[in-house]
Amino acid sequence: MKLKILLLTILFLPLLTLISYAQTPPELLSAQSSAYGIEPERLYPGSLVLELMEAAETEIDAAVREAYAEGYKAAALRFIPELAARNEEIVMLNLTIEAFRSDRRKNWQNIFITGGLSFLGGMAAGIIMAGR
């Protein structure tokens with residue numbers, strides 16, 4: 001008895017797999033496509049299909065632009081504090097560089113002034129010594 005039930009189960013198993021691969025009936029397809037207002041049995045002119053494709057393309061472009069703008073805003077808001085800190089750091093570094101350059105100029109000026117005064121002092125001492 002158990003063998004007969006097992007045999008019948010094994011024989012019906014291929015039938016069950018074929019039934020599971022069955023296609024959806026056409027009535028269901030037309031009901032699903034009617035939500036979009038498309039009738040599968042009807043032939044549409046190429047100009048109408050082209051218009052629909054162009055409309056879809058413009059909607060896609062608008063959606064992409066909007067998503068890009070929102071992503072750009074989110075990234076900008078996220079990185080604004082870091083950008084402000086970097087700009088502040090750049091200003092401080094520029095001030096430090098300018099102060100260093102100013103110090104270097106003053107050092108050269110001091111060197112020339114000291115050298116000139118030493119030369120004039122040496123000449124004056126030489127003239128004084130020669131005149132005695």
Next on the checklist: Just to be sure before I move on: is Pro25 exposed (fewer than 10 other Cβ atoms within 10 Å of the Cβ) and at pLDDT 85 or above in the structure I sent?
Outcome noted: no
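To keep it simple, each residue is scored yes or no on (1) modelled with pLDDT under 90; (2) part of a helix (DSSP H, G or I); (3) over 45 Å from the mean Cα position of the chain (by Cα).
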| residue | (1), (2), (3) |
| --- | --- |
| Pro40 | yes, no, no |
| Leu52 | yes, yes, no |
| Met92 | no, yes, no |
| Asp103 | yes, yes, no |
| Lys106 | yes, yes, yes |
| Ser118 | yes, yes, yes |
| Ile128 | yes, yes, yes |
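The values are calculated or read from the model by the stated rules, or taken from the named source; none is laboratory data. All figures in this text were calculated on a predicted structure; none of them were measured in a lab. Every residue, glycine as well, gets a Cβ built from its backbone with ideal geometry; the counts of neighbours run over all protein chains shown.
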